[in-house]
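Below is one structure, written out as structure tokens; the observations come after it.
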Protein chains: 2
Amino acid sequence: MVEIYDVAVVGGGSAGLSAAIFTSRLGLSTIIITREIGGRALINSPYSRRSIENYPGFLSITGLELMSRFEQQARSYGANFVFAEVLKVWEDGNSIFHILTTRGEIESYTLILAFGETPKRLEVKDEEKYEGRGISYCAYCDLEECKGKVVAVVGFGERVLLSTSLLSRVAEKVYLIYWWGGIGEPIDLTRFLEDKKNVELITLSSVSEVKGSDRLESIIVQGPFGEAQREIKVDYLFIELGFEAKTDFLKGFVELDENGKVKTDRDCCTSRAGVFAAGDITDSRYKQIVISAGDGARAALSAYNHLQRKRGGTPLYTDIFALKKQRILERFED
Amino acid sequence: MVEIYDVAVVGGGSAGLSAAIFTSRLGLSTIIITREIGGRALINSPYSRRSIENYPGFLSITGLELMSRFEQQARSYGANFVFAEVLKVWEDGNSIFHILTTRGEIESYTLILAFGETPKRLEVKDEEKYEGRGISYCAYCDLEECKGKVVAVVGFGERVLLSTSLLSRVAEKVYLIYWWGGIGEPIDLTRFLEDKKNVELITLSSVSEVKGSDRLESIIVQGPFGEAQREIKVDYLFIELGFEAKTDFLKGFVELDENGKVKTDRDCCTSRAGVFAAGDITDSRYKQIVISAGDGARAALSAYNHLQRKRGGTPLYTDIFALKKQRILERFED
């Protein structure tokens, strides 16, 4: 007989792991389905050494260390892990959720969606063709191979600077193509570039074309109004345009917003009863590890309450004092 | 000249300290106004040794240690602290907030309300008279004085069991008056009592009267429908009825819900521009340290964005890709 889990958590980042800590601790049988542990807290790479300084409780900790601690905590309460990709989810007539993964089908009474986002593409012709052949979304991962090479980084915000900073230490030359949108944290580019003599800054620009044969050989850079086209020979192009939610397989299952994010209320409930969501996959505005972890806990408590209601138990955190005092007194004096 | 802070945070628990970590790190001058560090994470006492096991990142940590870490982190980014009580808040014609405290007036451009809740009273006659004279809301604080004494604990949920457990180790006799509402975590009272031979359980009851002269001498216990009145001689009564928001001074300043909680949207904005709220003081349903910390971060980011908009800067986390792609292309090709 197939085991039906109380809770299936899809995603192993800060939201999913936090959810699993809470559901497991509440005695719910929990399975986490994820490709990997860590999510965006690892920034670019499972081996990221970039430290996180704004997760309350740690002055400084690497994403890897923090996420390992989350994982260990979830495991300590009995959470199970399956390292797989989710292909399809549906609900049957008995309100049981089925999750088809690359490692078989899993069944559960509730579902917590917390699989975050994946890097955004430039969306130019041949981008996919050159992925892994010169085009990368992960400076950390490919740092070694950039030694003595000419590379370009396109993007905005802190992330692109982080990658540029890393690459400038090993590459011969780095073109920093600062995205024409110019959106992100307030950044002093001049100061940033002071000690990086091998970095050439191209502001208010983007990459409109990628060229090559077997591998990437050059890129076309252009300004916001199509002006100043320029071809640059590069060995590598790193794309740092942020992340996007890959939620196509959820269409028709739960409501999505116009950006493909899962619509959630404040208690992390989705449009479908029994399905909850937390973290970067949701329409919540702000993205921070502690925010994802907090909402993971919310999703877990909502899942618990959902099961308790179905099973005739008492939901957690029902505050009797939230009832008007009058009503309590009435009951008291009846 | 009076310094006007960018952000004044009222409250020094997990929500307030997390907010201060984020605002300080974003370069905003921040002052935290609080009576003490820690809030509810310390459960009952500033010296609580009860460990927290569900804050993601720590398998087990005391509330004191965790909150000290939060404080240290906020201080490391330059947050200032004033240990005082807030008496009054108002906004002047220049959109500057004034916070009158027991240690003088503080001015700020934004305000984050995060002062949590205080213990709930039984609301019986003479309760206040006997506070500190036999009536306590904090078993931890008064444990030493209960050695060899007869004590009663009234309340529900995990908190009342925790206090009973503590007191049964030192007191001669403990009456556990399990609140007639019976609301809280699913708890097996029989198992709980197995190894506590000096605990007498009185279920489905409450305390309807407290009696004494200079000090508390006895209590009247009664059932949910007024039946089974019984007078019990006790040296101490510990009240574990949860917490309530003391927000009377905010009436007319920000919208409150019917329980006196500060109404907030998902970004932790209140009904007044420039005023944000996080943690147990808000109308958010679930109460957990990591949820408060997450919402503290949300309030901080909303405060930052508010100031940036007023000052003509770029708000954080405005995702250019959230705009329809079409609009980007239009701008690109203009």
- Query: Taking the Cα atoms only, what angle lies between the long axis of helix B:157-170 and the longest principal axis of chain B, rounded to 10 degrees?
  - Reply: 50
- Just report the Cα centroid separation between the stretch B:283-305 and the stretch B:226-269, whole Å. 20
- Smallest Cβ-to-axis distance in chain A, for the rotation taking A to B: which residue, how many Å? A:294, 1
- Note on the structure: Per DSSP loop assignment and a cutoff of at most 12 other beta carbons within 10 Å, chain A keeps its longest run without exposed trypsin sites (Lys or Arg not before Pro) at A:252-323
- Task: Using the 7 Å Cα-to-Cβ label point, sort the distances from residue A:107 to its equivalents in the other copies shortest first and give them in nm to one decimal.
- Result: 6.7
- Note on the structure: Around residue B:303 (Cβ within 13 Å, Cβ-to-Cβ, excluding residue B:303; K/R +1, D/E -1) the net charge comes to +3
- Task: Provide a whole-number value for the mean count of partner chain Cβ atoms within 10 Å of the Cβ atoms in peptide A:72-80.
- Result: 2
- Message: Give the average, rounded to an integer, of partner chain Cβ atoms located within 10 angstrom of each Cβ in B:214-223.
- Response: 0
- What longest region of chain A stays clear of chymotrypsin sites (Phe, Trp or Tyr not before Pro) that DSSP places outside H, G, I, E and B and that have at most 14 other Cβ atoms within 10 Å? A:48-224
- Message: Of the candidates B:87, B:66, B:111, which one comes out as most mobile in a Gaussian network treatment of chain B with C-alpha springs shorter than 10 Å?
- Response: B:87
- Query: In terms of modelled amide H atoms, which long-range or inter-chain residues lie less than 5 Å from the amide H of residue B:241?
  - Reply: B:120
- Task: Quote the FRET efficiency, to the nearest 0.05, computed for residue B:230 versus residue A:91 with a Förster distance R0 of 56 Å and r equal to the Cβ-Cβ distance.
- Result: 0.60
- Message: Please check: in the Gaussian network model of chain B (C-alpha springs, under 10 Å), which one of B:139, B:299, B:19 has the largest mean-square fluctuation.
- Response: B:139
- Task: Grab the alpha carbons of the stretch B:216-293, take their convex hull, and tell me the volume per residue in Å³.
- Result: 155
- Compactness summary of the protein assembly as shown: radius of gyration and Dmax from Cα atoms, Å, are 27.8, 95
- Message: Can you give the log10 of the normalised intensity I(q)/I(0) at q = 0.27, 0.30 Å⁻¹, computed with Debye over equal Cα scatterers of the stretch A:48-94?
- Response: -0.97, -1.03
- Relative pair counts by distance (%), Cα atoms of the stretch A:71-132, 10 Å bins: 16, 32, 29, 17, 5
- Note on the structure: With label points set 7 Å from each Cα along the Cα-to-Cβ direction at residue A:251 and residue A:51, the distance between them in nm comes to 4.5
- Under 16 Å from the Cα of residue A:251 - lysines, other chains or at least 8 residues apart: A:88, A:261, A:263
- Sorted shortest first, the nm distances from the residue A:88 label point (7 Å along Cα→Cβ) to its counterparts in the other copies are 6.7
- Message: So if I take the alpha carbon set of chain B, get Rg, then get Rh from the Kirkwood formula, what is the Rg over Rh ratio?
- Response: 1.06
- Message: At 222 nm, what value in deg cm²/dmol follows for chain B if DSSP H runs of at least 4 each add -39500 (n - 2.57) and the sum is divided by all its residues, to the nearest 500?
- Response: -7500 deg cm²/dmol
- Relative to the first principal axis of the alpha-carbon coordinates of chain A, what is the inclination of helix A:289-311, with its axis defined by its Cα atoms, in degrees from 0 to 90 and to the nearest 10? 30
- Given the options A:51, A:95, A:302, state which has the largest fluctuation in a GNM of chain A using a 10 Å cut-off (strictly under) for Cα springs. A:95
- Query: Which of the aspartates and glutamates could a cross-linker span from residue A:196 if the Cα-Cα distance has to be under 13 Å and same-chain partners fewer than 8 positions apart are dropped?
  - Reply: A:172
- Per-residue Cβ neighbour rank within 10 angstrom, fewest leading, B:37, B:21: B:37, B:21
- Item | Nm distances between copies for residue B:260, ranked from closest, using label points 7 Å along Cα→Cβ | 4.8
- Query: Which translational diffusion coefficient, to the nearest whole µm²/s, is obtained for the stretch A:135-241 from the Stokes-Einstein equation, given a Kirkwood hydrodynamic radius over C-alpha pairs, 20 °C and 1.002 mPa s?
  - Reply: 158
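Since every read-out is calculated from the coordinates, none of them should be taken as a lab result. Everything quoted here is computed from the prediction, not taken from an experiment. As a convention, Cβ positions derive from the backbone with ideal geometry for all residues, glycine included, and neighbour counts pool all protein chains shown.
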